[in-house]
Amino acid sequence: MQGEPVNSFPRLAPEAERGEVRRITVVGEEILHRRCREVTEFGSPELAKLIDDMFATNQVAEGAGLAANQVDVDLQLFVWDITDDWGVRHVGHIANPVLDEVPAEHRRLVEEPEGCLSVPGPYRVVPRLDRAVVRGRDKDGDPLVIEGRGYFARCLQHETDHLRGHLYVDRLAQRERKAALREMRDAQDEVFARRAAVARQLGK
């Protein structure tokens, strides 16, 4: 939790239990394609509520992580609830994240399929660094450093990209991007129906 080991953690994160489900923005909406504003007001009930709602929305959408602009909020903030390649579950949130630069001699790219809740349906292979360190602040404004490897590193990079106005499809060649968007249009009704069914199961 927040990068620190805990003895136990409920299957449904308390934030998701408290939160309300919000609509997830879809590729093409303006807020997804520009850099988000920094969080400047910490420790507020509004920020805590937003984080809870993001956890609930991510849970219903069966996601690994979710950025604030994916629920139509212009803030540099994302949450995650993800189990990595080694079976370790990571849960947390971070505001104003900045990824550490990795020297060229230590850069190792891994090509794995990647999807996005704002591009409902398709997955495409995207190269990402196999290790990521992100620095920012928690909801109370305290400094936070999160390190991830493998799938969790991919999540940290993917969500930080969102807050810069970039989606994974922006990393694809033009023909591949067009194919992914066509696939999304064909699949999105089914994806939305599945999310609605999960929401009903959770009483959201």
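Key figures for this structure:
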read-out	value
From the C-alpha gyration tensor of the chain, square roots of 5λ in Å	23, 22, 17
Loop sites in segment 1-92: chymotrypsin sites (Phe, Trp or Tyr not before Pro), DSSP, at most 10 other Cβ within 10 Å	Trp86
Expected 222 nm ellipticity per residue - DSSP helices of 4 or more, -39500 (n - 2.57), all of the chain, to 500	-10000 deg cm²/dmol
Charge dipole (the chain, unit charges on Cβ, about Cα centre) - positive-most of Val198, Leu172, Asn69	Leu172
Size of charge dipole - segment 63-148 - debye, nearest 20, with Cβ of Lys, Arg +1 and Asp, Glu -1, no other charges	80 debye
Loop-located GluC sites (Glu not before Pro) in segment 25-125 whose Cβ has at most 11 other Cβ within 10 Å (DSSP)	Glu41, Glu62, Glu101
Within the accessible area of the chain (1.4 Å probe), percent carbon and sulfur	47 percent
Assigned charges on the beta-carbon of Lys, Arg, Asp, Glu; the chain dipole about Cα centre (debye)	520 debye
Gained length - Val88 relative to Asp74, 0.36 nm times residue gap less alpha-carbon distance	2.0 nm
Order of exposure, largest accessible area first, which applies to Met1, Met54 with probe 1.4 Å	Met1, Met54
Check: segment 113-158 dipole with +1 on Lys, Arg Cβ and -1 on Asp, Glu Cβ, in debye	180 debye
Probe 1.4 Å - accessible area at Lys204, Å² to nearest ten	80 Å²
Area accessible to solvent at His106, 1.4 Å probe radius, in Å²	130 Å²
Segment Val125-Glu30, length gained on full extension (0.36 nm per residue, minus Cα span)	31.7 nm
Computed over segment 1-125: relative contact order in percent, which uses C-alpha pairs under 8 Å that are six or more apart	27 percent
Probe 1.4 Å, accessible area per residue of segment 75-204, Å²	53 Å²
Rounded FRET efficiency, nearest 0.05, which uses the C-beta distance separating Ser8 from His106 and R0 of 45 Å	0.85
Computed lengthening from Met1 to Lys49, 0.36 nm per intervening residue step minus Cα-Cα distance	15.5 nm
GNM result for the chain, Cα springs below 10 Å: residue of Thr83, Thr57, Thr25 fluctuating most strongly	Thr83
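The values are calculated or read from the model by the stated rules, or taken from the named source; none is laboratory data. Small disclaimer: the values here were computed from a predicted structure and weren't measured. Neighbour counts are summed over all protein chains in view; Cβ atoms, including those assigned to glycine, are modelled from backbone coordinates with ideal geometry. For the accessible areas, the whole protein counts, side chains as well, though only heavy atoms, and no ligand, DNA or RNA atoms are used. Shrake-Rupley method; radii C 1.70, N 1.55, O 1.52, S 1.80 Å.
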